[in-house]
1. Among all residue pairs at least 6 apart or on different chains, which show Cβ distances below 9 Å where the first residue, located in segment 17-40, is within 22 Å of Tyr66 (Cβ to Cβ) and the second is modelled with pLDDT of 95 or more and hydroxyl-bearing (Ser, Thr, Tyr)?
2. Which members of segment 1-18 meet the condition of being surrounded by 10 or more Cβ atoms within 10 Å (Cβ to Cβ) and assigned to a loop (DSSP other than H, G, I, E, B)?
3. Looking at segment 72-89, which of its residues are within 22 Å of Phe36 (Cβ to Cβ) and either at pLDDT below 95 or exposed (fewer than 13 other Cβ atoms within 10 Å of the Cβ) (or both)?
4. Among the candidates Tyr61, Tyr66, single out the residue that is in contact with an Asp or Glu (Cβ under 8 Å, 6 or more places away or on another chain), under 19 Å from Asp10 (Cα atoms) and in a helix (DSSP H, G or I).
5. Go through (1) on the phi > 0 side of the Ramachandran plot; (2) in contact with a Lys or Arg (Cβ under 6 Å, 6 or more places away or on another chain) and name the single condition Thr56 misses.
6. Listed residues Asp21, Asp34, Asp69, Asp38; which is modelled with pLDDT of 95 or more, surrounded by 12 or more Cβ atoms within 10 Å (Cβ to Cβ) and more than 20 Å from Arg91 (Cβ to Cβ)?
7. Just a yes or no: is a residue in segment 98-108 surrounded by 14 or more Cβ atoms within 10 Å (Cβ to Cβ), small (Gly, Ala, Ser) and either under 14 Å from the mean Cα position of the chain (by Cα) or in a helix (DSSP H, G or I) (or both)?
8. Can you tell me which residue in segment 29-58 is nearest to Leu11 (Cα to Cα), limited to those that are among the polar types (S, T, N, Q) and in a helix (DSSP H, G or I)?
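The values are calculated or read from the model by the stated rules, or taken from the named source; none is laboratory data. On a predicted model such as this, the values are computed, not experimentally measured, just so you know. Note that each Cβ is placed from the backbone with ideal geometry, even for glycine, and that neighbours are counted across all protein chains shown.
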Amino acid sequence: MENSYYNPKDLKKFAEIGEWDKALADKFFAWYGDVFADGALTAREKSLIALAVAHTVQCPYCIDAYASDCLQKGVSNEGMMEAIHVAAAIRGGSSLVHGVQMMNKVNKLSM
């Protein structure tokens, strides 16, 4: 990973984002903490959702963080992979459903 654009060591530096604007960083981290606290969904469920979303937005830092977090919260390897497949299915489906927009456009132009 040393020649990669993404440096795994940077994930540990995330809290340092506040060095240039502490007030906004503090607000973000407080909100972030509240989002991932137990509520209608458990922290474990939220971590699994975050892992799936991390794959759809393709954030290597988030993938690392939430793969670790899911393991710590007792999510099985199979459970994590199933969540990723759900995310992939939604992402694939959302691409395909936009095909209807293309079909509508082509049909309109072909009239």
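1. Between residues of segment 17-40 that are within 22 Å of Tyr66 (Cβ to Cβ) and residues that are modelled with pLDDT of 95 or more and hydroxyl-bearing (Ser, Thr, Tyr), the close pairs are Phe36/Ser47.
2. If the condition is that a residue be surrounded by 10 or more Cβ atoms within 10 Å (Cβ to Cβ) and assigned to a loop (DSSP other than H, G, I, E, B), then Tyr6, Asn7 are the ones that fit.
3. Answer for segment 72-89, where residues must be within 22 Å of Phe36 (Cβ to Cβ) and either at pLDDT below 95 or exposed (fewer than 13 other Cβ atoms within 10 Å of the Cβ) (or both): Gln72, Gly74, Ser76, Asn77, Met81.
4. Exactly one of Tyr61, Tyr66 is in contact with an Asp or Glu (Cβ under 8 Å, 6 or more places away or on another chain), under 19 Å from Asp10 (Cα atoms) and in a helix (DSSP H, G or I), namely Tyr61.
5. The single condition Thr56 does not satisfy is (1).
6. Matching residue, one of Asp21, Asp34, Asp69, Asp38: Asp69.
7. Step one: filter segment 98-108 for residues surrounded by 14 or more Cβ atoms within 10 Å (Cβ to Cβ), giving none.
Within segment 98-108, none of the residues are surrounded by 14 or more Cβ atoms within 10 Å (Cβ to Cβ), small (Gly, Ala, Ser) and either under 14 Å from the mean Cα position of the chain (by Cα) or in a helix (DSSP H, G or I) (or both).
8. Ser47
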